[in-house]
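Asker: Below you will find the structure I want to go over with you.
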Amino acid sequence: MSPRTKPAAAHDTDDLLAAIEAIVGAENVLREPEDMQPYLVEWRDRYVGQARAIVRPSNTGEVSSVMALAHEAGQPIVPQGGNTGLVGGQIPAGGGDEIVLSLARLNRIRDIDTLGDTMTVEAGCVLEAIHEAAEVVERMFPLSLGAQGSCMIGGNLASNAGGTAVLAYGNARDLTLGLEVVLADGRVWNGLRALKKDNTGYDLKDLFIGSEGTLGIITAAVIKLFPKPRATATAFVGVASVEAALNLLNDTRAAVGGALTAFEFMPRIGIEFVLRHVQGSRDPLEAEHPWYVLMELSSGIEESLDETLETILGGGYERGNVVDATVAKSHAEAQALWRMRLMLSEVQKHEGGSIKHDVAVPVARMGEFVRAASELVAGMVPGCRPVPFGHLGDGNVHFNVSQPPGADREAFLAQWERVNDAVHDLVMTFGGSVSAEHGIGQMKRSLLRRIKDPVEYDLMKTLKSALDPKGLLNPGKVL
Ligand code: FAD
Ligand code: ZN
């Protein structure tokens, strides 16, 4: 980790906070515990932090001034967007000497360019609000994830979020053309370029994307828009195994290529969790199946894709890859099918403790991995309930493990590290990644050191000390 400057003494802190109040207004510097609480606890209660204050600037200039003051005073800063991150990156990890910098008030859409198909957004724009703004001009911003009603684009970019549309459109990195970033010392880098081609030296934007608030504060971005699909078709498919799902994926790609825009997989137990905890949900298929696939086709031209989808599913049935399937007959039906998938993260909360893994393995070996990992955790915690689901087309599985029914939640969660270590070791033997899309944060910090190539790790530290020489940006995270 970079050297930490000694924290300021209490009276210096009061001076610093007074100076910050003069910039953002006293009402945007929260100091009372009950006001700070929502910013210091993540939604699963796994990370609970302490802070000197929560600071809520409203524009880039204010962020810049606050950062310049913090730099001078040696004040550590934790950037935060929608507080939906899953690795504790947005929650202070220190003993209470940090300031949380909330970007929520930077929530303007600065520009929409329908000729160049770009949108310039501030960091605090909620992802769903961006979807809606794109919709108004008959465009689409494809980044989609379960937290889209609360996560913010700055957080999405800082964590290089993935989600359900990576298969066709790539992750947050692939959807970004330019960035505006406030550096650790308060300087503003205006990289808000809307160019598809720009080979003028190092690509700094790609350095900040995925840096989880450790290299700079993202204040705005130029993101790519896409034509709104004119037709979509959605199916919910029961399959006997992950291998059968993979065969179906392969056949579908061969048949429609880029028109396959989602291919998500879920186990039966995940469906049961949704049926149990989401009001109004119903089982899409009559019989129970060990695995399910949610697949979506999209087209830019006005056509019915239902027939194409039915043909693909018919072929899958003949080849023994599909056991049963339903195709949505309306937008509402498609949404109900999507809800089965998107509620999966949340419903696990209602089943007690859940030990999480966000991992990637080569697509072709997903079935083998899921079996091996399930056996592994069953041996470690008898009665535990693996809930492996996710983005099959990307080789990304959320290998989550729910506690045995009726077991003590805390005792189960106490095994988090032990179970994580074993599963991550297994992932490495598959040539996989221990963080496919959620990042490193505080959760996987020690793991990073263990698995990274030493030269790569060294280069990361070099970059960190060049951009944040005082080690004030999100200390205790990533490195
Ligand atoms: P926060 O949680 O506030 O912050 C995340 C990280 O970014 C922290 O390290 C923080 O310090 C940093 N940060 C935030 N804003 C800035 C900024 N402006 N500048 C610099 N650093 C900043 N992720 C996926 O990739 N795919 C999924 O499918 C997915 N599904 C999810 C489903 C649910 C129900 C939930 C709760 C989360 C899911 N996530 C998923 C996690 C995902 O990373 C976050 O939801 C989202 O991308 C983070 O955005 P946020 O605004 O909440 O960021
Ligand atoms: Zn995911």
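Read-outs throughout are calculated quantities, based only on the coordinates presented, and are distinct from any laboratory measurement. Note that this is a predicted model, so its numbers are computed, not measured. When we count neighbours, we look across all protein chains shown, and the Cβ atoms used for this are built from the backbone with ideal geometry, even at glycine.
Asker: Sorting check: for 466-478, 387-399, 284-296, which peptide has the highest mean count of neighbouring beta carbons within 10 Å, and how do the rest follow?
Answerer: So the peptides 466-478, 387-399, 284-296, ranked by packing, come out 387-399, 466-478, 284-296.
Asker: Using the Karplus equation 6.51 cos²θ - 1.76 cosθ + 1.60 (θ = phi - 60°), what ³J(HN,Hα) coupling, rounded to whole Hz, does each residue of the range 254-269 give in order, writing x for Gly and Pro?
Answerer: 4, 7, 10, x, x, 6, 7, 10, 7, 8, 10, 10, 8, x, 3, 4
Asker: Show me, for the range 68-77, the HN-Hα J-couplings you get by feeding each phi into the Karplus relation (A = 6.51, B = -1.76, C = 1.60, θ = phi - 60°), rounded to Hz, glycine and proline as x.
Answerer: Couplings: 5, 5, 4, 4, 5, 8, x, 8, x, 10 Hz.
Asker: Taking amide H positions as placed 1.01 Å from N in the peptide plane, with prolines and chain starts having none, which residues 5 or more places from THR118, or on another chain, fall under 5 Å of its amide H?
Answerer: Residues meeting the criterion, in which the H sits 1.01 Å from N, are ASP113, LEU225.
Asker: While we're looking at this one, here's another question. Normalising by the residue count of the range 25-73, find the relative contact order in percent from Cα pairs under 8 Å and 6+ residues apart. Walk me through the numbers on the way to the answer.
Answerer: Numbers: 28 pairs, mean separation 17.3, N = 49.
Computed value for the range 25-73: 35 percent relative contact order.
Asker: Dividing the Cα radius of gyration by the Kirkwood radius, what Rg/Rh value follows for the range 404-479?
Answerer: Rg divided by Rh gives 1.08.
Asker: Residue by residue, what Karplus-based ³J(HN,Hα) values in Hz, rounded to whole numbers, does the range 440-451 have, using 6.51, -1.76 and 1.60 with θ = phi - 60° and x for Gly and Pro?
Answerer: Those phi angles translate into 10, x, 8, 5, 10, 4, 6, 5, 4, 4, 5, 9 Hz.
Asker: Just to confirm the filter: which trypsin sites (Lys or Arg not before Pro) across the range 214-315 are DSSP coil and have at most 10 other Cβ within 10 angstrom of their Cβ? The partial results should precede the final answer.
Answerer: On the way: sites: LYS224, ARG230, ARG253, ARG268, ARG276, ARG282; in loops: ARG230, ARG282.
Counting only loop positions with at most 10 other Cβ atoms within 10 Å, the trypsin sites (Lys or Arg not before Pro) in the range 214-315 are ARG282.
Asker: Compute the distance from the alpha-carbon center of the range 150-178 to that of the range 263-341, in whole Å.
Answerer: Their Cα centres are 25 Å away from one another.
Asker: Could you name the lysines whose alpha carbon sits less than 19 Å from that of LYS196, not counting residues in the same chain fewer than 8 places away?
Answerer: Within reach: LYS205, LYS224.
Asker: Continuing with the same structure: Rounded to whole Å and sorted largest first, what semi-axes of the equivalent ellipsoid does the C-alpha gyration tensor of the chain yield via the square root of 5 times each eigenvalue?
Answerer: They are 39, 27, 20 Å, listed largest first.
Asker: A further question follows. Go through 78-86, 452-460, 378-386 and give me the packing order, highest mean Cβ count within 10 Å leading.
Answerer: For the peptides 78-86, 452-460, 378-386, the packing ranking is 78-86, 378-386, 452-460.
Asker: Does anyone have the angle between helix 366-380 and the longest principal axis of the chain? Alpha-carbon axes, 0 to 90°, nearest 10?
Answerer: It works out to around 70 degrees.
Asker: Specify whether the C-alpha gyration tensor of the range 10-114 places it in the rounded, prolate or oblate class, a ≥ b ≥ c being the square roots of the eigenvalues: rounded for a/c under 1.5, otherwise prolate if a/b is larger than b/c and oblate if not.
Answerer: Oblate shape, in that a/c is at least 1.5 and b/c is the bigger or equal ratio.
Asker: A further question follows. With each pseudo-label sitting 7 Å past Cα toward Cβ, what's the GLN50-GLU318 distance in nm, one decimal?
Answerer: Going by the 7 Å Cα→Cβ label model, 6.8 nm.
Asker: Can you give the extra length, in nm with one decimal, that the chain gains between ASP12 and ASP198 once fully stretched, where that is 0.36 nm per residue apart less the Cα-Cα distance? The partial results should precede the final answer.
Answerer: Working: separation 186, 0.36 × 186 = 66.96 nm, distance 4.45 nm.
Length difference between fully extended and current span is 62.5 nm.
Asker: Another question about this same structure. Using amide H atoms built in the peptide plane, which far-off residues or other-chain residues are under 5 Å from LEU177 H to H?
Answerer: VAL222, ILE223, LYS224
Asker: Going by average Cβ density within 10 Å per residue, which order do the peptides 32-40, 156-164, 204-212 take, highest to lowest?
Answerer: Packing order, densest peptide first, comes out as 156-164, 204-212, 32-40.
Asker: Run the numbers on the chain and let me know its relative contact order in percent, using alpha-carbon pairs under 8 Å that are six or more apart.
Answerer: 17 percent
Asker: Let me ask something additional. Tell me the angle of helix 416-429 to the major Cα principal axis of the chain, expressed in degrees between 0 and 90 and rounded to the nearest ten.
Answerer: Between the helix axis and the principal axis of the chain, the angle is about 70 degrees.
Asker: Explain nothing, just the number: relative contact order of the range 177-292, from Cα pairs under 8 Å at least 6 residues apart, as a whole percent.
Answerer: Working: 110 pairs, mean separation 28.6, N = 116.
About 25 percent, as a whole number.
Asker: OK, next. Under a plain spin-label model, where a point goes 7 Å from the Cα along Cα-to-Cβ, how far apart in nm are ILE301 and ARG449?
Answerer: Between ILE301 and ARG449, the label points sit 5.8 nm apart.
Asker: Oh, and also: Rounded to the nearest 500, what is the chain's calculated 222 nm mean residue ellipticity when only DSSP H runs of at least 4 contribute -39500 (n - 2.57) each, over all residues?
Answerer: -10500 deg cm²/dmol
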